[in-house]
Amino acid sequence: MEERIGEAFAGNELLTIIGKRLQPGKAAPDFSLDYLDLVDLAVRTVGLADSAGMVRLLSVVNSLNNPLCQRVTHQWEDLSADLPVHACISTISVDPPQMQASFQESAGVLHQALSTSRSAQFGQDYGIWLAEWRQLARAVFVIDRRDCIVYAEYIADQQREPEYDAAMEAVHQAAME
């Protein structure tokens, strides 16, 4: 597995990322992520195929316990009102599904939260696994209806927010195709 040193940092701490960067135009790796189904409070698993035909914006954060990651998640929630009809946003973190659901309920966040708590595979496949923190590096991916990456923002500074406008533009472009 490829290691990328110095492509992510927090303050003066350089971090090691495991996995290759994904490039626009390439197929999005499939994934198996968990969420808490609020109907019966059971943990369910979803993959890329579960949102087939949709444009997907994946907002990846370190942890929903982090105030910056909470702010980013709130911002995406606010922007979700401007999504095209066949587009969705998911926030992905290492937090367990129960913690994510608790955050969503207390914060009024309605878009889906997905958990990588069982495995580092998603982080490695998407080139965002932080070896030192055993968390995901912050990133944004837009996946089109054909399951291709059309936008990838790898956020080097773990204390910075993503480029919301650029990601939303990518969602709108992909929705028109």
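Every read-out reported here was derived from the displayed coordinates using simple, explicitly stated rules and does not represent laboratory data. What you are looking at is a predicted structure, and each value in this text was computed from that prediction instead of being measured. As a convention, Cβ positions derive from the backbone with ideal geometry for all residues, glycine included, and neighbour counts pool all protein chains shown.
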Just need a number here: residues in region 50-64 that are among the polar types (S, T, N, Q) and assigned to a strand (DSSP E or B). 1
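Across region 140-175, what is the total count of residues that are of a type in the set (Phe, Trp, Tyr) and either more than 21 Å from Ala52 (Cβ to Cβ) or not in a strand (DSSP E or B) (or both)?
Step one: list which residues in region 140-175 are of a type in the set (Phe, Trp, Tyr), which gives 141, 151, 154, 164.
Remaining after also requiring either more than 21 Å from Ala52 (Cβ to Cβ) or not in a strand (DSSP E or B) (or both): 154, 164.
Qualifying residue count for the region: 2.
I'd like to check something: does region 12-31 contain any residue that is touching a Ser or Thr at 6+ places or on another chain (Cβ under 9 Å), under 23 Å from Met168 (Cα atoms) and surrounded by 14 or more Cβ atoms within 10 Å (Cβ to Cβ)? Break it down into steps so the answer makes sense when it comes.
Restricting attention to region 12-31, the residues satisfying the condition of being touching a Ser or Thr at 6+ places or on another chain (Cβ under 9 Å) are 31.
Next, from what is left, pick out any that are under 23 Å from Met168 (Cα atoms): 31.
Within this subset, residues satisfying the condition of being surrounded by 14 or more Cβ atoms within 10 Å (Cβ to Cβ) are 31.
Scanning region 12-31, I find at least one residue that is touching a Ser or Thr at 6+ places or on another chain (Cβ under 9 Å), under 23 Å from Met168 (Cα atoms) and surrounded by 14 or more Cβ atoms within 10 Å (Cβ to Cβ), so the answer is yes.
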Residues (surrounded by fewer than 21 Cβ atoms within 10 Å (Cβ to Cβ), in a strand (DSSP E or B) and among the polar types (S, T, N, Q)) located in region 85-135: Ser90, Gln112
Would you mind stating whether Arg138 is more than 16 Å from Pro29 (Cβ to Cβ), in contact with a Cys (Cβ under 9 Å, 6 or more places away or on another chain) and of a type outside the set (Val, Ile, Thr)? yes
